[in-house]
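Laboratory data are not the source of any read-out in this text; all were calculated from the coordinates shown. If you're wondering where the values come from, they're calculated on a predicted model, not measured in any experiment. All Cβ positions, glycine included, derive from the backbone under ideal geometry; neighbour counts span all protein chains shown.
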Amino acid sequence: MPQAGAIEKKNAYEAALENFELGADALELEEDLREMIKYPERILQVNLPVRMDDGHIHRFEGFRVQHSMARGPGKGGIRFHPSVSLDEVKALATWMTWKCAVVNIPFGGAKGGVTCNPKEMSERELERMTRRYAASILPLIGPEQDIPAPDVYTNPQIMAWIMDTYSMIKGYPVSGVVTGKPVSLGGSLGRNEATGRGVFYTIQRACEHLKVSLKGLRVVVQGFGNAGSVAAHLLGSNQSHVIAVADSRGCVCNLSGLDIPKLMLHKKQKSTVVGFEGSETIRPDKLLALDCDILVPAALENAIDANNAPAVRARIIAEAANGPVTPEADKILENKGCFIIPDILCNAGGVTVSYFEWVQDEQHLFWEVEDVYSRLERVMKNSFAEVLKIRLERKVSMRTAANMLGIGRVAEATKLRGLYP
Ligand code: NAD
């Protein structure tokens, strides 16, 4: 139940559908086409009985959703988190479809997840659950079908277990079945940093557009995992001041700027940012309201809603997370003049380098990290320019412009493929 006076949080899938309609309306997309591209093509729900270390069997629930294959095989991460639900995975798969189309890579959208708390599981339990999940979704995945990758609380080791399980059942090594693998198993150089690096490239473009220098800008980052820590590191190395950072256990602040490489080390050793030397601890609800220039939500969906959006003071919001701003909050922030770099553009660096990894695996030919970064920068720069052009020409928000670009490309592909009679 929401507290008295609080506004109930929107289900992420409802938010995804609402944003779809805004983009489709702006494109004046016909109803028939909307019906064809709006909903997931295929949904698989699996039961995962797993033997825990104490001998008892625990049943986990898992999902794989393929939203669209109109432009290529499905692509999307796997999330291990207590709040994973079918609706959340459907929302994330839907966003993947538009995201792959925004950066114009030949993939459709998919996503997977298991409702679990990896922080309370041993390494062996996590491996057994991952392998059971991989075997259960095996009919849907494959290099030509649907290629998973890491998302919240999954990492290269988990991708290695999925690749191994898939390969054992096939009888030969199939590195192209997942991306975000360790480099020694066919992973790409630069994949680990790709999402945060892509976020950084889009912030650079936004600053160029708004005619402000990154130097001295104050940055707040919510979520200090793969996406958030790399974005914070690159911003800090480019003379911005990262003044506050949060993870699931708390928030730390230093108005003169946190030393991000040292904070990354602290997080690695203590599994939290809390207690970092030279920082003060602040309440999570104070973080989003800090006076800053750039806010990077890099944790989970719905972090900024109609309750807390009025307090946000950032000029630029860079959505490293998927769906961190609800549609209601979006309107409030737009009215305040915030420049929002929407998730399907801002965090698309991850899937872009996943695409590079898949290409390298398929060709058995691997690139230097400089090649990965320069190709990524080009993709992010071009995609940002395309979205901005639509925004300026059509006088719409960056989010609607990104949706128009992504949805428009998927609609065109769907139209060209036609309907099976
Ligand atoms: P991660 O597991 O590496 O990190 C998640 C971080 O968020 C952790 O530091 C965790 O402590 C923090 N967190 C969780 N709940 C929080 C809360 N309530 N308040 C503050 N912090 C909280 O995950 P990630 O891969 O960095 O993913 C973060 C977001 O970025 C997700 O929305 C994900 O879908 C999105 N994303 C990730 C990738 C990728 O390649 N990893 C690509 C695109 C988008």
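Quick notes on this structure:
This table checks each residue for (1) within 21 Å of A246 (Cα to Cα); (2) within 17 Å of the chain's Cα centre (by Cα); (3) not hydroxyl-bearing (S, T, Y).
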site	(1), (2), (3)
G275	yes, no, yes
R313	yes, no, yes
V325	yes, yes, yes
I340	yes, yes, yes
D361	no, no, yes
L365	no, no, yes
V369	no, no, yes
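- Contacts under 6 angstrom Cβ, first residue in the stretch 354-368 being closer than 14 Å to V177 by Cα, partner among the charged types (D, E, K, R) and part of a helix (DSSP H, G or I), 6 or more apart: E357/R191
- Here the condition is being surrounded by fewer than 18 Cβ atoms within 10 Å (Cβ to Cβ) and within 22 Å of the chain's Cα centre (by Cα); of V177, V183, it holds for V183 alone.
- Scanning the stretch 188-200 for residues being surrounded by fewer than 24 Cβ atoms within 10 Å (Cβ to Cβ) and closer than 19 Å to V103 by Cα gives a total of 2.
- Sole residue being away from the ligand (no atom under 14 Å from the Cβ) and either in contact (Cβ under 8 Å) with a residue 24 or more places away in the chain or crowded, with 20+ Cβ neighbours inside 10 Å (or both), chosen from G228, G216, G250, G223: G216
- Candidates are the residues of the stretch 263-284 that are under 15 Å from Q222 (Cβ atoms) and within 11 Å of the ligand (Cβ to nearest atom); the one that is surrounded by the most Cβ atoms within 10 Å (Cβ to Cβ) is V273.
- Matching entry among E35, E88, E125, E61 (being over 23 Å from E144 (Cβ atoms) and either in a strand (DSSP E or B) or among the hydroxyl-bearing types (S, T, Y) (or both)): E61
- Restricting I317, I344, I332 to residues that are in contact (Cβ under 8 Å) with a residue 12 or more places away in the chain and part of a strand (DSSP E or B) narrows the list to I317.
Matching residues to (1) within 9 Å of the ligand (Cβ to nearest atom); (2) within 30 Å of A16 (Cα to Cα); (3) of a type in the set (K, R); (4) in contact with a strand residue (DSSP E or B) (Cβ under 7 Å, 6 or more places away or on another chain):
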site: N238; (1), (2), (3), (4): no, no, no, no
site: A246; (1), (2), (3), (4): yes, yes, no, yes
site: D305; (1), (2), (3), (4): no, yes, no, no
site: C338; (1), (2), (3), (4): no, yes, no, yes
site: N347; (1), (2), (3), (4): yes, yes, no, no
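- Contacts under 7 angstrom Cβ, first residue in the stretch 117-136 being within 11 Å of D53 (Cβ to Cβ), partner of a type in the set (D, E), 6 or more apart: S122/D53; R124/D53; E125/D53
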